[in-house]
Amino acid sequence: MTEGAGHERTIPRVGLRCTIRFQARAAEERLTARTGFCRSVIMGQLGLTVENVRCIQWNQQEKAFDVTLMDLNIFNRVAETCVKEAGVSPLSDYRVVNLDRPNFRVVTEREPVSPVRGLALGEPTTVWRNVNHPALPNRLRDLSWMTAHEILPVRSVMHSRGMGANPTCPRQGCGAHETVRHVLWECTAAGDQWAMAGSLQFPYLPAGEVLTAQLVLYGVSPKKVPPALFQKQWLTLSAIKDAIWTSRNLLVRKRMLIPPVAVIRMAAATLKVVVAAGGRPRTQPQRSLASVPIRTWEPEPHN
C-alpha cells in the first residue's frame with residue numbers, strides 16, 4: 001500500500017486491527033459518499049460482501065473511509081488487491097493506507113470489561129451480556145449498545161462533538177441537558193411514558209416494584225430474576241425505550257408531539273412483531289404510528 005510523503009499525519013500511532021484507510025484524493029461528492037464508495041470500491045472492485053466487513057467508519061478530518069475487515073485472511077487478500085490495482089479506477093481515486101499495526105491490544109474474552117457509569121464493580125459484565133441478549137432483534141440490540149456506551153445521537157452528544165447548536169432537551173419547558181439517561185429516563189416526558197407502562201399493559205414488567213434507572217437502561221437489578229422471566233422483561237423494557245426514542249426523534253425531526261398513550265402502543269406493537277417472529281427475522285419491518293391523536297408542536301409567537 002502507498003503511504004506517500006507529506007501525509008504522515010493520517011497514519012495513527014496506534015493501529016486498528018485488520019483496518020485499511022481509503023482517503024479520497026479529491027474533495028468530490030462521488031468519492032466521499034458512503035453509498036457510492038461501498039458500491040464501486042468495496043463491493044465492485046474489491047468484491048467484498050457484508051459478511052467480510054466488520055465496520056466502515058467515515059473519518060471527516062481525513063476525508064477517508066476506515067474499513068475494518070472480519071479477519072486477517074480477508075485483510076491480507078484486500079491489501080494485496082489494493083497494491084495490484086492501485087492505478088485502476090475507482091481505487092486510483094483513493095490513497096490507501098494500512099492502519100493495521102502491531103502495537104494494539106487484541107480484544108478477547110479476557111480483556112477487562114468496559115465500565116458503565118453509575119454501576120458497581122462486576123455489574124458491567126451483566127450489562128454487556130444484556131446488550132447482546134438473544135431475545136432482542138437487531139434494532140433493539142443497537143439501541144441497548146448505544147445506551148450502554150452513552151452514544152445515542154442526543155443533543156448533548158452531538159453538541160460535544162461540534163455537530164449540534166445546543167445541548168438542551170427539545171421538550172418545551174425542560175431546559176436540561178439532553179443526555180442518553182435524560183431522554184430515556186430523567187425527562188418529565190419519559191417519566192410520563194414509564195408511568196403509563198405499568199404491569200397491566202405489559203405483564204412482564206415487575207408488578208408492585210418501582211422501576212430503577214439501572215433496570216430500565218441496562219437490565220441490572222439487585223433482585224434475582226429467573227432467566228425465562230428476565231428475557232421477557234428485558235424485551236419489554238427495550239421495546240418501550242425504543243418507542244420513547246422514536247417519539248423523541250419525531251419531535252425533533254417533524255415537530256410532532258406524541259402522547260404517552262401512543263408511545264406505549266408503539267412499544268406494544270414492537271413486542272407483538274418480535275414475539276410473533278419468534279426471534280426471526282432479526283431485523284424489523286418499517287412500522288406505522290399507533291392510531292391515536294397526534295398534534296404538531298407550534299412554537300409560541302414572539303412578542
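Brief remarks on what is shown
- A simple packing score, the average count of other Cβ atoms within 10 Å per residue, orders the peptides 173-179, 82-88 as 173-179, 82-88, with the highest score first.
- Taking all protein chains together and a 1.4 Å probe, the residues Arg141, Arg39, Arg17 rank Arg39, Arg17, Arg141 from largest to smallest accessible area.
- Net +/- balance of residues flanking Leu140 in space, Cβ distance below 9 Å, scoring K and R +1, D and E -1: +1
- When nucleic acids and ligands are ignored and a 1.4 Å probe is applied, Ser144 ends up with an accessible area of around 0 Å².
- Cβ-defined net charge surrounding Met158, 15 Å radius [Lys, Arg +1; Asp, Glu -1]: +2
- Whole-angstrom gap from segment 131-168 to segment 208-279, using each part's C-alpha centre: 15 Å
The values are calculated or read from the model by the stated rules, or taken from the named source; none is laboratory data. The structure displayed is predicted, hence computed values, not measured ones. Ideal geometry is used to build each Cβ from the backbone, glycine not excepted, and the neighbour counts take in all protein chains shown. Accessible surface is based on the protein model in full, side chains and every heavy atom, while ligands, DNA and RNA are left aside. Shrake-Rupley method; radii C 1.70, N 1.55, O 1.52, S 1.80 Å.
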